1. If you take the beta carbon distance between residue 115 and residue 39 as r and set R0 to 30 Å, what does 1/(1 + (r/R0)^6) give as a FRET efficiency, to the nearest 0.05?
2. Fewest Cβ neighbours within 10 Å first, please rank 130, 48 accordingly.
3. According to a simple spin-label model (label point 7 Å from Cα along Cα-to-Cβ), what is the distance in nm between residue 102 and residue 67?
4. Neighbour counts of other C-beta atoms within 10 Å: give me 7, 144, 20 arranged from fewest to most.
5. Any chance you could tell me what percent of the C-alpha pair distances in the stretch 41-146 go past 17 Å?
6. Residues of the stretch 21-40 with amide nitrogen under 20 Å from the 7 Å Cα-to-Cβ point of residue 86?
7. If you take the beta carbon distance between residue 56 and residue 3 as r and set R0 to 41 Å, what does 1/(1 + (r/R0)^6) give as a FRET efficiency, to the nearest 0.05?
8. Rank these for me by crowding, 96, 32, going from fewest to most other beta carbons within 10 Å.
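We did not get these values from a lab; they are worked out from the coordinates using the rules stated. Note that the coordinates shown come from a computational prediction; the quantities given were computed from them, not determined experimentally. Neighbour counts run over all protein chains shown; Cβ positions are idealised from the backbone, glycine included.
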């Protein structure tokens with residue numbers, strides 16, 4: 001009998017902090033600014049990211065203090081129902097697992113290679129720029145996040 005990986009045997013609610021954190025593929029799509037049409041509820045992704053995102057590594061430059069520095073940043077580990085976070089990209093491991101799906105073939109936990117998300121074209125790396133107070137977000141809507 002083959003040992004199954006933890007994400008197939010442990011529910012999101014029962015994962016350790018380390019297991020939970022390892023699910024993040026590092027794509028940084030969750031850091032994209034989004035616009036919601038209040039009339040239709042449609043969600044639009046932009047190619048503008050949070051000022052804390054390191055554009056070279058696609059990691060938060062101050063992960064431990066992000067919630068203080070950026071109050072709108074969601075702490076997914078403490079959020080009760082990931083299914084209600086409709087703004088998470090469809091490729092997000094947390095969203096996929098909450099929907100009963102498996103991790104994509106390019107996920108670093110599957111490949112064993114941290115940069116597999118970039119090679120698969122699923123990262124924001126090289127596609128975004130950091131927020132500025134002078135931007136009109138509607139001018140920066142993009143189609144590439146799924």
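1. Numbers: r = 40 Å, r/R0 = 1.35.
Efficiency at R0 = 30 Å is approximately 0.15.
2. Placing the least packed residue first, the sequence is 130, 48.
3. About 3.4 nm, to one decimal.
4. 144, 20, 7
5. Numbers: 3526 of 5565 pairs.
More than 17 Å apart: 63 percent of the Cα pairs in the stretch 41-146.
6. Taking a point 7 Å out along Cα→Cβ of residue 86, the residues of the stretch 21-40 whose backbone N falls under 20 Å are 29-40.
7. Once the sixth-power term is evaluated, E becomes 0.70.
8. Details: 96 20, 32 24.
Fewest to most other Cβ atoms nearby, the residues stand as 96, 32.
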